[in-house]
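Trainee: Take a look at the following structure, please.
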Amino acid sequence: MAVDYLIVGAGFSGLVMAERLTTQLGKRCMVIDQRDHVGGNCYDEYDEAGILVHRYGPHYFRTNSDKIIDYLSQFTEWHPVDYQIKSYSDGRLWSFPINLNTFEELIGRPSTSEEMQAWLDQKRVPIENPVNSEEVIISQVGWELYEKFFKGYTRKHWKCDPKDLDVSVCGRIPIRTNRDDRYLKEEFQALPKEGYTRLFERMIEACGDLLEIRLQTSFEEAKESIRFKRLVYTGPIDQYFNYRHGKLPYRSVRFEPESFGPETLKERETISGKRGFWQAEMQINYPNDEDFTRIVEIKHATGQSSDHTTIVREYPEDVGPHQEPYYPIPNQQSQKIYQQYKQLAETEEDTIFTGRLATYRYYNMDQVVAMALKEFERLNS
Ligand code: FAD
Ligand code: UDP
């Protein structure tokens, strides 16, 4: 029997499409994923220490869109979080992203927003229209803070100079002269109350019998055996076209978890300053001397109560046979290649390309949900 839609990828993009197509149009859908779980990179699970962890790095949900909140709230309640982090540089922790507290730490005495603004005005390099990630930071804070917090982190993570990355990469980090030290800019900041995987399960339940899911199934094998009228593809676009215009560059990450029990956590109290935690904040960035970029202790954000904890160190890596293409690399060269694939995609009949990998965009969760909803509206209009 043929399905109406074959959907490649069970991440946010694929599941939003499946939910809309089944519940709104009564279409018969099959979602396949090469992994052994749904949820794509947003998948979370309880590890052996009993801690709810994000398997593919921390996923801090945030958005400015009421439409996205309303849509997702059908499938989850929310646990509000002010995502707070610190940066470790020159042998000490700093308030980060840069704000008035960071400035006071730098000058070693209390200050004001006005004094900080005057200091920044002196330090910043006058560039009216920044065109890359180095310029966007030095034009706001100057060389000293750029080198302390951005240059090393960015080179380590992306394996290229910030000069060779679009403004959007470092430009997404807020810089403030008040005491707002939340990591993110968006108005709504919260995690799904029972986790992402539970949210995805509820989306799937809503689809009922019209949806079949096949895990550990790649598109390459499925397209030979499954009959379908239309295709929704959320995997890497270059792979879909057999790398005809060359490989698009991606960065990957190796996640190294480590769990601790009550004894170690008791000893760590003097460092974390909080009972039951290994470090002081949910995330500490390591821009300079270490091989990893950040250590995340997600229990701070999920609010889970446990006398154990799990931290995850993130080591940036090249994409390889065992390393997934997590990050599209936003710059002019990669855009040139992507545009060639985009043109091919536009001529592909009865196929929708949506999501972070299929459109090669460094997009957050709310943005890929918005993209999928828009694709659905387009084909429904
Ligand atoms: P994915 O989640 O990548 O899902 C695509 C799915 O397609 C995968 O499961 C994959 O296995 C499957 N697939 C691919 N090719 C094939 C094939 N040929 N056959 C079968 N299956 C295939 N966003 C935020 O909003 N906040 C954050 O804090 C945040 N942190 C992040 C941290 C990291 C380390 C990473 C990598 C991303 C982060 N994101 C964050 C971004 C977020 O992960 C993405 O926006 C979102 O997961 C994209 O959803 P998607 O469905 O488009 O893609
Ligand atoms: N960044 C940096 N120093 C930091 C944090 C971020 O230079 O302490 C830069 C870096 O290039 C990073 C980008 O800003 O890749 C975006 O950071 P974010 O934490 O949003 O990245 P993600 O969570 O997507 O990995």
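FYI, it's all coordinate maths here, none of it is from the lab. All values reported here derive from a predicted model rather than from experimental measurement. Cβ coordinates were reconstructed from backbone atoms using ideal geometry, including for glycine residues, and neighbour counts include every protein chain displayed.
Trainee: Using Cβ counts within 10 Å as a stand-in for footprinting exposure, how do C207, C170 rank, fewest first?
Mentor: Numbers: C207 20, C170 26.
Lowest to highest Cβ neighbour count: C207, C170.
Trainee: So how many Å³ per residue does the convex hull of the Cα atoms of the range 283-333 work out to?
Mentor: With only Cα atoms used, the range 283-333 gives 140 Å³ per residue.
Trainee: Taking the convex hull of the Cα atoms, report for the range 1-129 its projected area averaged over all directions, in nm².
Mentor: The orientation-averaged projected area of the Cα hull of the range 1-129 comes to 14.8 nm².
Trainee: Taking Rh as the Kirkwood radius computed over C-alpha pairs, what is the Stokes-Einstein D of the range 274-381 at 10 °C in a medium of viscosity 1.306 mPa s, expressed in µm² per second? Present the calculation step by step, with values, prior to reporting the outcome.
Mentor: On the way: Rh = 17.5 Å.
So the translational diffusion coefficient is about 90 µm²/s.
Trainee: Shifting gears a bit: Of the beta bridges DSSP finds with both residues in the chain, what % are antiparallel, to the nearest 5?
Mentor: Antiparallel bridges: around 65 percent, rounded to the nearest 5.
Trainee: Under 8 Å for C-alpha pairs, at least 6 residues apart: give me the relative contact order for the chain, rounded to a whole percent.
Mentor: Over the chain, the number comes to 25 percent.
Trainee: Express the Stokes-Einstein translational diffusion coefficient of the range 154-226 in µm² s⁻¹, to the nearest whole number, given a Kirkwood radius over alpha-carbon pairs, 4 °C and a viscosity of 1.567 mPa s.
Mentor: Numbers: Rh = 17.6 Å.
So the translational diffusion coefficient is about 74 µm²/s.
Trainee: Relative contact order for the range 1-80 using alpha-carbon pairs under 8 Å, separation at least 6, rounded to a whole percent?
Mentor: About 23 percent, as a whole number.
Trainee: Less than 10 Å Cβ to Cβ from E256, Lys/Arg counted +1 and Asp/Glu -1: what total charge do the surrounding residues give?
Mentor: 0
Trainee: Okay, next question. On a C-alpha basis, how far is the centre of the range 55-91 from the centre of the range 301-315 in Å? Whole number, if you could?
Mentor: 15
Trainee: Any chance you could get the radius of gyration and Dmax over the Cα atoms of the range 150-293, in Å?
Mentor: 21.7, 61
Trainee: Given Cα pairs under 8 Å that are at least 6 residues apart, what percent is the relative contact order of the range 41-174?
Mentor: Once normalised by length, the contact order is 15 percent.
Trainee: Cα centroids of the range 185-225 and the range 329-364: how far apart, whole angstrom?
Mentor: 22
Trainee: Over all Cα pairs of the range 94-154, how is the pair count split among 10 Å bins, expressed in % and running from 0 up to the last occupied bin?
Mentor: Distribution as computed: 23, 53, 22, 1 percent.
Trainee: Can you list residues from other chains, or at least 5 along the same chain, whose modelled amide H is less than 5 Å from the amide H of E317?
Mentor: S252, V253, R254
Trainee: With +1 on each Lys and Arg Cβ and -1 on each Asp and Glu Cβ, how big is the dipole of the range 1-139 about its Cα centre, in debye rounded to the nearest 20?
Mentor: 320
Trainee: Over the chain, how many percent of alpha carbon pairs lie in each 20 Å bin up to the one with the longest distance?
Mentor: Spelled out bin by bin, the chain gives 26, 56, 18, 0 percent.
Trainee: Continuing with this model, one more query. What does the helix-only formula give at 222 nm for the chain: each DSSP H stretch with n ≥ 4 adding -39500 (n - 2.57), the total divided by the residues, and the result rounded to the nearest 500 deg cm²/dmol?
Mentor: Per the formula, -10000 deg cm²/dmol.
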